Each structure stands twice: as structure tokens, then as C-alpha cells.
1. Please enumerate the residues belonging to the stretch 158-214 that are charged (D, E, K, R) and closer than 26 Å to residue 115 by Cα.
2. Check off (1) in a helix (DSSP H, G or I); (2) surrounded by fewer than 20 Cβ atoms within 10 Å (Cβ to Cβ); (3) touching a helix residue (DSSP H, G or I) at 6+ places or on another chain (Cβ under 8 Å) for residue 73 and give me the number that stays unchecked.
3. What is the residue count in the stretch 164-179 for residues that are surrounded by fewer than 21 Cβ atoms within 10 Å (Cβ to Cβ) and either among the small types (Gly, Ala, Ser) or at pLDDT below 95 (or both)?
4. Can you tell me which residue within the stretch 136-161, out of those that are buried (at least 16 other Cβ atoms within 10 Å of the Cβ) and of a type in the set (Gly, Ala, Ser), is nearest to the chain's Cα centre (by Cα)?
5. For the stretch 78-120, how many residues meet the condition of being hydroxyl-bearing (Ser, Thr, Tyr) and either part of a strand (DSSP E or B) or over 21 Å from the mean Cα position of the chain (by Cα) (or both)?
6. Restricting the stretch 76-106 to residues that are charged (D, E, K, R) and buried (at least 19 other Cβ atoms within 10 Å of the Cβ), which is farthest from residue 137 (Cα to Cα)?
Amino acid sequence: MIKPVFTIVLPIIILLTLSDDSRLGPIPALLLSLSFPLGLGIWELVRSRRVDISAAIGIVSVVLTGIIGLFELSPRWLAAKEAAVPVAFALFIIGSNYTGWPIVQMLFDRTLRRDKVREALDANGTTTAYRQLISKTSWLWAATMAASGVLRYFLALFIVTSDPGTKEFNHQLGEMTALRVPLVSVPVGILMMAMIWFMVRSTARLTHLPVREIFKWANRIPRFFPGHG
């Protein structure tokens, strides 16, 4: 619960209430608002001691927003940044399919009882079908991220129209951050949950195993997925 406070709530409050010259002023308020998600992202990377994709993307996005604000670039650069980060990640997902380390498989493997799954795939002759599932899921994830980029682009384009370095820019940035939750984060979150459900159900079908025998976390969730019994 603390992450939304640092990445959404506090930045919005700071941008909307402290950007006037009589208070912090536009640039200090902008930097202060960005310090919370930036600090949280760095802390998550240090704590996990590995490259956390979500934290890394967040850090890049925050830094680029800071650069646009400090150098008072056109607000169109903000719209371009909003689209570029998720679209670049979508391309990275697809590109990883053509290496020996597909990112979907790397992330999914962390949740699997891998030896048991591999034995079941070999026994059922579905190893190739599982690889195809990984590829299909990669494309679904990439499409979701690309859709996120398009939504974020148009949201920024229509909301943030003032020049950086002004309180109007900060206020509009705060409004955009608030609107991003219902207009982008919620729809994308629903699509991601649907993708995970598809991956889980398909893995159970290919292995002929109940979910509780496939995933390390399955015993901690309600009887929701097919085969979890």
C-alpha cells in the first residue's frame, strides 16, 4: 500500500499545493514531487539486489520527467516520454524472444516448480506447445504495454499544455498523474490480470497438473483457477 502513496498521492499533493511562488515554487515543487517515486525506485533496486524491471522503468520515467521540467522543454516532449517508455519496454519484450532468455519465461520461472513442470511437459509431449505459449504471452504483454503507451501519450497531450517551469505545468502534471490511474493503470491492470490468468490456465492444461502443483504461491490463494483443487 505504501507504493501508491509515494508514486501517486504525495507527488499529486505537492504539485497541486506547493507550486506557487509563495510556497516552494514550480521547479522545487517539481523536484520534490519526483524525489518520492525516484527514491522508492532506487530503494526497491537496492533491496532486491537484482534488476527489478518495474523499478527500473519507473526510475527512467521519473528522470526524463525531471529533465523535461528542468530544461523547460516543450510539453510535447512529456507526451513523447509517456509513450516512449512503455513502447520501448514492449520492444524489449519482443526482442527477448529472439534470444536465449525470453523475459516472460525468466519472470514466469520464478513462480514455477520448474522441475515438476518440465517433467510433466516432457511426459505429455507439450514442451514445444509451452514454448509457443511463452511466445504468445510475450506478444500479449508487449501489446498491453504498447496500448499503455498510446493511452499515456494522448492523456499527456491533452492535459499538459503549459510550458515547464510554471505552476500551470505542475498543476497539469498533477492532474495527469491523477487521471492516469482510472484511464490507464486500471485498464492495463485488468489486461495484465487476464494475461496472467491465460498463462496459468494454459500451463495447467499443457502439464495436466493442478495449479497448486505448478506454482509456488498456489496454496496461498483461494480456489480460483481451474485445476486448483
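1. 201, 205, 212, 213
2. (1)
3. 2
4. The selected residue is 148.
5. Number satisfying all stated conditions: 2.
6. 81
For (1) among the hydroxyl-bearing types (Ser, Thr, Tyr); (2) modelled with pLDDT of 95 or more; (3) more than 20 Å from residue 157 (Cα to Cα), each residue gets a yes or a no:
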residue: 7; (1), (2), (3): yes, no, yes
residue: 31; (1), (2), (3): no, yes, yes
residue: 45; (1), (2), (3): no, no, yes
residue: 48; (1), (2), (3): yes, no, yes
residue: 54; (1), (2), (3): yes, no, yes
residue: 77; (1), (2), (3): no, yes, no
residue: 80; (1), (2), (3): no, yes, no
residue: 92; (1), (2), (3): no, no, yes
residue: 101; (1), (2), (3): no, no, yes
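Here is a yes/no grid of residues against (1) at pLDDT 90 or above; (2) touching a helix residue (DSSP H, G or I) at 6+ places or on another chain (Cβ under 9 Å); (3) not aromatic (Phe, Trp, Tyr); (4) not in a loop (DSSP other than H, G, I, E, B):
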site: 189; (1), (2), (3), (4): yes, no, yes, yes
site: 200; (1), (2), (3), (4): no, yes, yes, yes
site: 204; (1), (2), (3), (4): yes, yes, yes, yes
site: 212; (1), (2), (3), (4): no, yes, yes, yes
site: 222; (1), (2), (3), (4): no, no, yes, no
site: 228; (1), (2), (3), (4): no, yes, yes, no
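The values are calculated or read from the model by the stated rules, or taken from the named source; none is laboratory data. Nothing here was measured: the structure is a model prediction, and the numbers come from that model. Cβ coordinates were reconstructed from backbone atoms using ideal geometry, including for glycine residues, and neighbour counts include every protein chain displayed.
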